[in-house]
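K.L.:
A single structure is presented below for examination.
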Amino acid sequence: MQATQPEPFKWLWIGLGLPVGGLAIAAIGFVVFFSFGPEGGVRVTSTLEPYAKEYLETTKLLEPDEKVIAYYDATIALKGTEAAILTDRRVLYHRPRGNTSIPLVQVARIEHEEQPVTGDIIRIFAEGGELLVIEIAPLNGGLNFLSALENQVALAKRVSQGQPTPHLSQLAE
């Protein structure tokens, strides 16, 4: 009768398999957890998530007749406690420790930079010297926010100068 010798690789496979298996289960749990909640990224008026509307109403961040044009929730859990908000009158950044806003008619310049890790960085300079920086994570629609911001600033400046606002049919020409 021959004695069986312990397999040294058996313990190596078990030692490697448990952490790798645990990471795989955690990753699947992470995906499942976030796939059933609201969608993140830049949202516009027509696609604004109900939780965001409710948060804006509860915290009274907006004036009664102010309209949201674009919204970006910077929190991972999508709680609204840190968000970039573009309205028909101003751009603001909401944080638990305070809000910063610039009226659209006072925007002097907008700079945009795309970073591979950070994402879209939008710098908004006010005529009075204030600077508002908005960082939108990669693949979250930063260019949509930038486009809406540029459009709203141009529209607000036209209105403040007494110029008529173009209708949709005029924009297509």
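The values are calculated or read from the model by the stated rules, or taken from the named source; none is laboratory data. This is a predicted model, so every value here is computed, not measured. Positions of Cβ are backbone-derived with ideal geometry, glycine not excepted, and every protein chain shown enters the neighbour counts.
K.L.:
Looking only at the range 87-112, which residues are in a loop (DSSP other than H, G, I, E, B) and under 15 Å from Ala148 (Cα atoms)?
P.N.:
The answer is Asp88, Arg89.
K.L.:
Further, regarding this structure: Kindly indicate whether any position in the range 133-148 is under 25 Å from Pro38 (Cβ atoms), in a strand (DSSP E or B), at pLDDT 95 or above and touching a helix residue (DSSP H, G or I) at 6+ places or on another chain (Cβ under 6 Å).
P.N.:
yes
K.L.:
Restricting the range 85-113 to residues that are among the basic types (Lys, Arg) and touching a residue at least 12 places away in the same chain (Cβ under 8 Å), which is surrounded by the most Cβ atoms within 10 Å (Cβ to Cβ)? Show your work before the answer.
P.N.:
Applying the first criterion (among the basic types (Lys, Arg)) to the range 85-113 yields 89-90, 95, 97, 109.
If we keep only those that are touching a residue at least 12 places away in the same chain (Cβ under 8 Å) too, we end up with 89-90, 95, 109.
On the way: Arg89: 18, Arg90: 20, Arg95: 11, Arg109: 11.
This residue is Arg90.
K.L.:
If you check Val117, Val107, which single one turns out to be in contact with a strand residue (DSSP E or B) (Cβ under 8 Å, 6 or more places away or on another chain) and either over 19 Å from Val44 (Cα atoms) or of a type outside the set (D, E, K, R) (or both)?
P.N.:
Only one candidate qualifies: Val107.
K.L.:
Let me ask you something else. Quick check on my filter: what residues within the range 79-99 are out of contact with any Pro (no Cβ under 8 Å at 6 or more places or on another chain) and more than 20 Å from Gly141 (Cβ to Cβ)?
P.N.:
The answer is Arg95, Pro96, Arg97, Gly98, Asn99.
K.L.:
Need the failing condition index for Gly141 against (1) in contact (Cβ under 8 Å) with a residue 24 or more places away in the chain; (2) under 21 Å from Thr59 (Cβ atoms), just the number.
P.N.:
So Gly141 meets the others, but not (2).
K.L.:
Could you go through the range 152-166 and let me know if any residue there is modelled with pLDDT of 95 or more, within 19 Å of Leu86 (Cα to Cα), among the hydrophobic types (A, V, I, L, M, F, W, C) and not in a strand (DSSP E or B).
P.N.:
Yes, the range 152-166 contains at least one residue that is modelled with pLDDT of 95 or more, within 19 Å of Leu86 (Cα to Cα), among the hydrophobic types (A, V, I, L, M, F, W, C) and not in a strand (DSSP E or B).
K.L.:
Restricting attention to the range 43-65, report how many residues are among the acidic types (Asp, Glu), without any contact (Cβ under 8 Å) to a residue 24 or more places away in the chain and surrounded by 11 or more Cβ atoms within 10 Å (Cβ to Cβ). Explain how you work it out, then say what you get.
P.N.:
So in the range 43-65, the residues among the acidic types (Asp, Glu) come out as 49, 54, 57, 63, 65.
Subsequent filtering for residues that are without any contact (Cβ under 8 Å) to a residue 24 or more places away in the chain retains 54, 57, 65.
Next, only the ones that are surrounded by 11 or more Cβ atoms within 10 Å (Cβ to Cβ) stay: 54.
Count: 1.
K.L.:
Tally up the residues in the range 42-86 that are outside any loop (DSSP other than H, G, I, E, B), within 25 Å of Arg123 (Cβ to Cβ) and not hydrophobic (A, V, I, L, M, F, W, C), please.
P.N.:
Counting residues in the range 42-86 that are outside any loop (DSSP other than H, G, I, E, B), within 25 Å of Arg123 (Cβ to Cβ) and not hydrophobic (A, V, I, L, M, F, W, C) gives 5.
K.L.:
Looking at the range 125-163, which of its residues are under 16 Å from the mean Cα position of the chain (by Cα) and closer than 18 Å to Thr100 by Cα?
P.N.:
Looking only at the range 125-163, we keep the residues that are under 16 Å from the mean Cα position of the chain (by Cα), and these are 132-149.
Across the range 125-163, the qualifying residues are Leu132, Val133, Ile134, Glu135, Ile136, Phe145, Leu146, Leu149.
Residue-by-condition table, conditions (1) assigned by TED's automatic domain parsing to the domain that holds Val153; (2) modelled with pLDDT of 95 or more; (3) among the aromatic types (Phe, Trp, Tyr):
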| residue | (1), (2), (3) |
| --- | --- |
| Val31 | no, no, no |
| Phe34 | no, no, yes |
| Glu49 | yes, no, no |
| Leu56 | yes, no, no |
| Leu61 | yes, no, no |
| Ala70 | yes, yes, no |
| Leu78 | yes, no, no |
| Gly98 | yes, no, no |
| Leu104 | yes, yes, no |
